[in-house]
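Each value in this text was obtained by applying a stated rule to the coordinates, not by laboratory testing. Because the structure is a prediction, the values reported are computed rather than measured. Don't worry about glycine lacking a Cβ; one is built from the backbone with ideal geometry, like all the others, and counts go over all protein chains shown.
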Amino acid sequence: GIMGKSSIDNLIINSISTILYAYGQKAENYALVDRSIAVLEGVGAESNGIITNWKKLGFEVLSSKKSQALIELKREKCEKKKCLSCLFGVELIKSN
């Protein structure tokens, strides 16, 4: 069948942009790295539980560049309990 918009967006986010980024890093071609990030700016944000939770905290997530950054932040800081080394974590702790 025909792929829907969200399927195409996911393909761009999880395949095309990722491959461009990895190849650019490996080849030290930073124009490709920049292009991979620019691609994410043009694709809408993902819709998943992680992004829903960030939105509940008041984050505006309009592009996949931002959604990918917030997913990575959750994996690298939140899940590893590194709140004090995260600007957002420190602010959340101070507000409670």
Which loop-located trypsin sites (Lys or Arg not before Pro) does the range 51-87 contain, where loop means any DSSP state but H, G, I, E or B and the Cβ has at most 15 other Cβ atoms within 10 Å? K80, K81, K82
Helix-derived [θ] at 222 nm for the chain: sum -39500 (n - 2.57) over DSSP H runs of at least 4, divide by residue count, nearest 500? -16500 deg cm²/dmol
Output ³J(HN,Hα) for the range 19-35: one whole-Hz value per residue in order, computed from phi by the Karplus curve 6.51 cos²θ - 1.76 cosθ + 1.60 with θ = phi - 60°, and x for Gly and Pro. 5, 4, 5, 4, 5, x, 5, 4, 8, 6, 9, 6, 5, 5, 4, 4, 5
Taking the structure as given and computing Rg and Dmax of the Cα atoms in Å, which label from (1) 12.3, 34; (2) 15.3, 50; (3) 13.9, 40 fits? (2)
Would you mind calculating the gained length between Q25 and K82 on full extension (0.36 nm times residue separation, minus the Cα-Cα distance), in nm to one decimal? 17.9 nm
Tell me, what ³J(HN,Hα) does each residue in the range 79-96 have, in order and in whole Hz, if you take phi through Karplus 6.51 cos²θ - 1.76 cosθ + 1.60 with θ = phi - 60° and put x for Gly and Pro? 5, 9, 6, 9, 4, 6, 9, 10, 4, 5, x, 4, 5, 5, 5, 5, 7, 9
Taking θ as phi - 60°, what are the ³J(HN,Hα) couplings along the range 43-55 by the Karplus curve (6.51, -1.76, 1.60), each to the nearest whole Hz, with x for Gly and Pro? 10, x, 5, 5, 10, 8, x, 5, 5, 4, 5, 4, 5
0 to 90° range, to nearest 10: angle between helix 64-73 axis and the chain longest Cα axis: 50 degrees
Loop-only GluC sites (Glu not before Pro) in the range 1-69, please: DSSP not H, G, I, E or B, and at most 16 other Cβ atoms within 10 Å. E28, E60
